[in-house]
1. With (1) free of Cβ contacts under 8 Å to residues at least 24 places away in the same chain; (2) in a strand (DSSP E or B); (3) over 16 Å from the mean Cα position of the chain (by Cα) as the list, and T32 as the residue in question, which single condition is left unmet?
2. When you check F67 against the structure, is it among the aromatic types (F, W, Y), under 24 Å from D133 (Cα atoms) and open to solvent by less than 80 Å² (accessible area, probe 1.4 Å), yes or no?
3. Condition first: more than 12 Å from E62 (Cβ to Cβ) and either touching a Phe, Trp or Tyr at 6+ places or on another chain (Cβ under 6 Å) or among the small types (G, A, S) (or both). Now tell me which residues in region 21-31 satisfy that.
4. Residue check, V144 against (1) closer than 30 Å to E42 by Cα; (2) modelled with pLDDT under 50; (3) surrounded by 14 or more Cβ atoms within 10 Å (Cβ to Cβ), all met but one. Which one?
5. Among the candidates W95, W139, W132, which residue alone is at pLDDT 95 or above, under 13 Å from P73 (Cα atoms) and within 15 Å of the chain's Cα centre (by Cα)?
6. Need at least 2 residues that are farther than 28 Å from D13 by Cβ per element, so show me which strands (runs of 3 or more DSSP E) inside region 45-139 make the cut, counting only ones lying wholly within it.
Amino acid sequence: MKRGSKLKFCVGDRVEMQGYEDGYQGSYFSGTIIETSDTNDECVIKYDNLLEDEDSNKKLRERVETFFVRPEPPFIQDDFYNVHEWVDAYENDAWWFGTITRKKGSDYYVYFLRHEVEKAYKLRDLRVHHEWDYDIGGWVTCKVYNEKKKAAEKCKVSSSPGASSSKARPKNR
């Protein structure tokens, strides 16, 4: 399967919605499918941490194209990350894709190429970066970015969309 190939989503599936609007590229917002279309081209997601408005405690529900939705990846948090390792950093209610540039004390510095920004994060706010591989129908753990080859080392593969861990991101921090 190639990007955009249809994954069959069901009500109750844990997913991540890819940020595609200006300023949100490279981010993934966690949620649960609460409705699907007959053709599986669209679904309604109830987000874990996004609210309908600032004055509400009601979780945002949004109808989206399934092209921008992927299964929730397994939550893998290492005890240590290396320079050049690909990670997701949790900020502003989403996971953001970046690369470890250095470690200073207990802070890991992550560079976000798409936004040309580097920020410091604590270990608790990082997870191993995964990409959904449509060809194999499973997750690929991308551990290290190789400057010369411009490619990810594919270290570990997990196969089913339902294989994601039950560990969820804490809602109150």
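The values are calculated or read from the model by the stated rules, or taken from the named source; none is laboratory data. Bear in mind that the values here come from a model prediction, so they are computed numbers and not experimental data. Cβ coordinates were reconstructed from backbone atoms using ideal geometry, including for glycine residues, and neighbour counts include every protein chain displayed. Areas reflect the complete protein model, heavy atoms only, side chains present, ligands, DNA and RNA absent. Shrake-Rupley method; radii C 1.70, N 1.55, O 1.52, S 1.80 Å.
1. So T32 meets the others, but not (3).
2. For F67, the condition - among the aromatic types (F, W, Y), under 24 Å from D133 (Cα atoms) and open to solvent by less than 80 Å² (accessible area, probe 1.4 Å) - is not met.
3. G23, G26, S27, Y28, S30
4. V144 satisfies all of (1) closer than 30 Å to E42 by Cα; (2) modelled with pLDDT under 50; (3) surrounded by 14 or more Cβ atoms within 10 Å (Cβ to Cβ) except (1).
5. Numbers: W139 fails: at pLDDT 95 or above; W132 fails: at pLDDT 95 or above.
On inspection, the qualifying residue turns out to be W95.
6. Numbers: elements: 59-65, 69-71, 86-91, 94-104, 107-112, 117-121, 126-128, 130-133.
Hits in region 45-139: 94-104, 107-112, 117-121.
This table checks each residue for (1) open to solvent by 40 Å² or more (accessible area, probe 1.4 Å); (2) not aromatic (F, W, Y).
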| site | (1), (2) |
| --- | --- |
| R14 | yes, yes |
| Y20 | yes, no |
| S30 | no, yes |
| I33 | no, yes |
| T36 | yes, yes |
| T39 | yes, yes |
| Y47 | no, no |
| L60 | yes, yes |
